[in-house]
Structure formats: structure tokens, C-alpha cells
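Accompanying notes for the structure given below.
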Amino acid sequence: MAKQRKTPLELSASEFRKTGYHLIDGIADFMDRIGDEPVTRGESPRQLQRIVDAIPFPERGEPAEAIVARAMDLLFNHSLFNGHPKFLGYITSSPAPLGALADLLAAAVNPNVGAQILSPIATEIEKQTIQWMAEFIGLPKGYGGILVSGGNMANFTAFAAGLNARLAINTKEDGLMSLRLKPAVYCSKSTHTWIEKAAVLFGLGIKSIRWIETDNSNKMNTAVLEKTIEDDVVNGYQPVMVVGTAGDVSTGAVDDLKAIGTICRAHGLWFHIDGAYGIPAAAIPELKVTFAGVGDADSIALDPHKWLYSPLEAGCTLIKDANMLSNTYSSHPAYYNFSQNEEGTSLNFYEYGFQNSRGFRALKVWMTFQQVGREGYIRMISEDIALSKLLFETADAHAEIEAMSQRLSITTLRYVPPDRAGDSPENEKYLNTLNETLLNNLQKGGEVFLSNAIVNGKYCLRACIVNFRTAENDIEEIVSIIVREGRMVHRGLA
């Protein structure tokens, strides 16, 4: 019998079990008490560097159990917890516990979901997960797609496919240098910054973006959109794509997707929806009208790690014709033997996006869908929206808070001291400074974590609830914290 190789990485079954039980016990205790801890301890980078720098470079190894204990101590005592019930900051959800276990399981098998032969069952699970997400948000059958890292990559993946499909050249073969007309893409002024990155990375340049003005509810003005497209045609540009937003990151606004789809069809443009945050709310029956036109999109970006409560990382590009992805990304070098199986052509996800080697992101989304079901997701998303409305109403009823906006699960507001009421330029400047200082204090203080938005030129506190742990009592406490800290900041500034 051949001798087994001994390496420092191996753990016996008993060692792995003992270390794993210790880790799972620690995580279970952490999840049980997460609401009793600060959202963050507000430590500076220099403080954290001193802690980490105290760990010397390991010349020799040490037992796995000791390493796990040290890592748990660092993460449980020096992190910002987006799973905390009072984390209402950037759009990162409280992560599903089953999703954490799914990531452990996926890492143990370690499939490379770039090619079917390297990930037989993982490929099929990812395909099904994509179908489930499309069905959940109400898309007609036939949409395909791919799991990616997050919103930027989901939008980039669709953006490049849209260019390849709609430009009057073979961009894959000839590149943008062979274009006769300058391309133009269209989006609202509230579109996420990914659009600028995409214009730079894919060679169009930021000047190719047409920033369409928004109305009072932060929706794209479709009359201005159509006029801008028509003017560009007259002036020798080639309109290519319109990006609609289904839940903008500042206020939660949803564009008139039906109208945008009609305009795109009339002009032969690619219609992309950035629904990274808001599109899961399309599953709620009462919001069908708000999201009307979703099925007209050529492509949609959706982030399960936002409003489907998946652990990071999990983004998704959904596309009406999956051939548009393979037309853009597929290649067949001689050293790839990934193309055929006994049934014919395999689905190899490396042909659908930027990555060749890909982790098994779909497993955590797939498992959580089964745990929660359509009804469970609709219930949780609806509760998040109801809590956001409660925050708006509670803030609006307080004499020292001005509630600014509420859409989907995002509420914006600002602290206004009684002696600073009024809309004079001097007051507005002061209130912007006060609320910016207040936000910085709240983020460092650890009691609640909010972010910011600029609404009609006013610096606001922004609360986005994509958190299954947040409850009504948290909303009441958050308002009290804002008022208490706002008064302190006002006294300091005055």
C-alpha cells in the first residue's frame, strides 16, 4: 500500500471536527448576541494596524484550533456588523445564517464553476438559481444569466453585452476604433457610479454618458430622454443603450421602466435595468405597477447580497437572450477541453462573463431560496418597507427632525434644531454641516450606522433597511439616538 503524503495543511477527521465545532459554536454565540454589541467600535486604521502588526510572520506553523480562536477574536471584536439590527447604512443585508454554512460547504468541495466538466452539479445549481431569481421578480421564461461578485460586475457584464449587440460593428473582432459614429448611452442623474466606470473601461469615455434629469421623485424624465436621443441622432451620434434604475441608491426611486422600454424599442436601443438593490421588491403584488416593464429589459442587474439577504459576495446578471453573453465573452483556446459532453454543447460559465475561475456563489442563494421560499421573501421585503415607512412617520412626527423622502426601504431625514428652522441660505449651509458632522459621529459611535444622501441640495441621513433582524423597537430607538446626538452636535457647533 502506497504511503500517504504528510503535509502541514492536512487535518485529521478528529482535528477538523474539533476545530469546526469550536468555530460553529463561536459563530452561533456571535449571532445570538449580535444585537447586544455595538454596530462598530469605531477604531481607527492605526489602532487596528497595531493589533494586527503584533502578530509576527509565521516561520513555523501552529495548531488550527489556536488560529481559529485568534481569527474569531479579531473579527468578533473589531468589525462593523452589517448583521446588527441597527445597521441601516450602505445596501449590504444582514446575511442569512444558512448562507454562511453554504459558503463553508461550497469551499469544502471547491468546484470551479467556470466549466461544466470542473463543476458538474454546481453548474446545474447555478443555472437553476438564475432561473429562480428571474421567476421571483416576474420575468417571462427564457432569461439566462450568470452569478458575479456584486452590482458593479453585474452591470459591467450586461453593459459589454449590450455594446456588442447594438453597436453597428463587431466590437469583439474590430473594436471601437472602427466606429463611424460616436456612441452614446443614457441614464438618469441618480444612476450609480458604476456607469462611469463602465464608460471608461469599455472605451467609450465619460463624455459618452447622457445624464438625463430627474423629476421631483428622482425618476428619469422620459420626455427629456427621448428628446436627447433624437438630438443625438441629428448631431451624428449613435445611441446604444438606456439604463433604467429600479431602486436608486440614494432614495429608492424606481424609473418608469415601461416608458423607457417603449423608447428603447422605438429607437432600437439596448434596455438595461440596474436593479441591484430594488428589483426583488418587484415580487410584491402591491408593487407590480411600480415595476411594470421589467420584462421588457434586455438585461437586469440584481444583487442577492442586498435584498435577498445573502452573505457577500453574490451579484447576478440576468439577460433576455443568453446568446448575447456568449457572443461577447466566449473563446475557445486549444488548451480548453471544455466544450462537449455526451449531450452536446456544455454550458460553461466562463463563456458568459469576465471570469474563468469562478467560485460557487450560487449555492448560498439556492439554499436560502429553499429555506425561505417565495412567501418568506415577500414577507421579509414587505416588512423592511413597512419599517422604513415607520421610520419616516416617526421622524416626521418629531419636532426636531425633518423627514425628507421614503421609497422602497429607504428613508432620508435630517436633524433640524428648533432655533435653525427656516430655509434661508445661511440656515441651509449650517444644517448641511450639522448633519454631516452628526452622521460622522453616529458612524463612529456604534449605536446605529446610517449613511448619507443629498436630497434637493440638502445633506441628509439615509437609512436603508435590508435587514431581517431590524424591528419596530429599533426604529424608535434610532430616532431617539439621532435627536440626542443631534442636540450635542448643535451645541458644539453653536
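The values are calculated or read from the model by the stated rules, or taken from the named source; none is laboratory data. On a predicted model such as this, the values are computed, not experimentally measured, just so you know. Cβ sites come from the backbone with ideal geometry, for glycine too, and all protein chains shown count toward neighbours. Note: areas computed on protein heavy atoms with side chains; ligands, DNA, RNA excluded. Shrake-Rupley method; radii C 1.70, N 1.55, O 1.52, S 1.80 Å.
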Just by accessible area at a 1.4 angstrom probe, what is the order of Thr317, Thr193 from largest to smallest?
Thr193, Thr317
Relative contact order of the stretch 223-371, pairs being alpha-carbon contacts under 8 Å that are 6 or more residues apart, as %
16 percent
Given the -39500 (n - 2.57) contribution per DSSP H run of 4+ residues, what per-residue ellipticity at 222 nm results for the chain, rounded to the nearest 500 deg cm²/dmol?
-14000 deg cm²/dmol
Please figure out what share of the DSSP beta bridges in the chain is antiparallel and state it in percent, rounded to the nearest 5.
60 percent
Relative contact order (percent) for the chain, with alpha-carbon contacts under 8 angstrom and 6 or more residues of separation?
21 percent
Which entry is the computed mean projected area of the Cα convex hull in nm² for this structure: (i) 24.4; (ii) 28.9; (iii) 26.5?
(ii)
Could you give log10 I(q)/I(0) at q = 0.10, 0.15, 0.22 Å⁻¹ for the stretch 228-333, computed by the Debye formula over C-alpha point scatterers of equal weight, without solvent?
-0.34, -0.71, -1.19
How big is the stretch 12-162 along each principal axis, measuring the range of its Cα positions in Å and listing the largest first?
53, 41, 30
With a sphere of radius 14 Å drawn around the Cβ of Thr290, what net charge do the other residues whose Cβ falls strictly inside it have (Lys, Arg +1; Asp, Glu -1)?
0
Peptides 218-224, 115-121 ordered by average Cβ neighbours within 10 Å, highest first:
218-224, 115-121
I want the local charge near Trp194. Using Cβ-Cβ distances under 13 Å, sum +1 for each Lys or Arg and -1 for each Asp or Glu among the other residues.
-3
Using Cα pairs under 8 angstrom and six or more residues apart, how large is the relative contact order of the stretch 1-122, in percent?
27 percent
Using amide H atoms built in the peptide plane, which far-off residues or other-chain residues are under 5 Å from Gly205 H to H?
Val200
Residue-normalised accessible area of the chain, given per residue in Å² at a 1.4 Å probe:
49 Å²
Calculate one ³J(HN,Hα) per residue across the stretch 416-430 by plugging θ = phi - 60° into the Karplus curve 6.51 cos²θ - 1.76 cosθ + 1.60, and present them in order as whole Hz with x for glycine and proline.
10, x, x, 7, 10, 5, x, 10, 5, x, 5, 4, 4, 4, 5
The distance between the Cα centres of the stretch 386-460 and the stretch 96-133, in whole Å, is 41 Å
